[in-house]
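A short worksheet on the structure shown next.
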Amino acid sequence: MNSQDDIIREEILQAGLRLYRGSGPAKITMENVAKATGRSRSSLYYYFKDKDEIFQAVLDRIAHDVAAEIRLAVTKAKDLNEKIIAFCTAKIKTSQEWKRIFNAIEGFISADEKFKHAQSLDGLHQKLIHLERGIIMDAFSAEEQFFSSKLNYAEKDMLAFIICSGVRGIRREIYDYNDPHDVNIAAQLLSDMVAKWLLS
């Protein structure tokens, strides 16, 4: 696609994202998206084969936007400990923001739509896991010259899995189950433990 096609595709995606955030997945139809972009319904088929493909592209955009926000926070940090705490903090922040949106969407869709939506969110979750592990792995690569011992790929991947799982658990317990622990202290301690183990 040329640059004009890229612009139009982005307009379609943004319209789909607005419809999704405002009214849920059922509102992402070719007709609604066409109206939201001021384009004909038939013109949308040049970019997307159907509404499901638009919806999937919207979810992919959410995953990449969330990952980009987390990656930006991590790249601004100056050392491994700060990179990990930046990852944890940004992950918790973005998760909470999108959880509120998803909960709002769940509140006004039908039971049948909820089941399908839950399946879609499972796919989004898996994509985010992959992208977030990549961010941690890149942070390791940037700082591994300072590690006390060399880790192979499988060891770094396992550690990235532990960090990602740990921060998701912290967020869930504190925000979903009202655990009284302080989220920032918990994230800091997780970061400190990992950095100390890698660097000392």
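Each value in this text was obtained by applying a stated rule to the coordinates, not by laboratory testing. In this text, all values refer to a predicted model and were calculated from it rather than measured experimentally. Note that each Cβ is placed from the backbone with ideal geometry, even for glycine, and that neighbours are counted across all protein chains shown.
Please compute the net charge surrounding residue 94, taking Lys and Arg as +1 and Asp and Glu as -1 over other residues with Cβ under 13 Å from its Cβ. The partial results should precede the final answer.
Details: positive: 71, 91, 93, 99, 100, 168, 171; negative: 65, 69, 97, 132.
Computed value for this residue: +3.
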Worksheet item: Cα to Cα, under 20 Å, and not fewer than 8 places away if on the same chain: which aspartates and glutamates meet these conditions relative to residue 196?
Response: 79, 82, 138, 143, 144, 155, 157
Worksheet item: Based only on the alpha carbon positions, what is the Kirkwood hydrodynamic radius of the stretch 74-160, in angstrom?
Response: 15.1 Å
Worksheet item: Using modelled amide H (1.01 Å from N, peptide plane; none on Pro or chain starts), what sits under 5 Å from the amide H of residue 47, excluding residues fewer than 5 places away?
Response: none
Worksheet item: Going by alpha carbons, how many degrees (0 to 90, nearest 10) lie between the helix axis of 183-199 and the longest principal axis of the chain?
Response: 60 degrees
Discussion item. From the phi angles alone, apply the Karplus equation (6.51, -1.76, 1.60; θ = phi - 60°) to the stretch 160-174 and give each ³J(HN,Hα) in whole Hz, x where the residue is Gly or Pro.
Written reply: 4, 4, 5, 5, 4, 5, x, 6, 5, x, 4, 4, 5, 5, 6
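So if I place +1 on the C-beta of Lys and Arg and -1 on the C-beta of Asp and Glu, and nothing else carries charge, what would the dipole magnitude of the chain be about its Cα centre? I want it in debye, nearest 20. Don't skip to the end; give the middle numbers.
On the way: 28 positive and 29 negative charges, 68 e Å.
Computed charge dipole of the chain: roughly 320 debye.
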Practice prompt. Once you've got the GNM for the chain with C-alpha springs shorter than 10 Å, pick whichever of 157, 60, 179 has the biggest mean-square fluctuation.
Written response: 179
Worksheet item: Along the charge dipole of the chain, which of 129, 158, 119 sits closest to the positive end, that is, farthest toward it, with unit charges on the beta carbon of Lys, Arg, Asp and Glu (+1, +1, -1, -1)?
Response: 119
Response to the item:
Percent of all Cα-Cα pairs per 10 Å bin for the stretch 158-200, counting from 0 up to the last occupied bin, reads 28, 51, 19, 2
Response to the item:
Tilt, helix 111-143 to longest principal axis of the chain (alpha-carbon atoms), in degrees rounded to tens, equals 40 degrees
Worksheet item: Can you give the net charge of the other residues whose Cβ lies under 13 Å from the Cβ of residue 77, counting K and R as +1 and D and E as -1?
Response: 0
Worksheet item: Where does helix 51-76 land angle-wise versus the long Cα axis of the chain, in degrees 0 to 90, nearest 10?
Response: 30 degrees
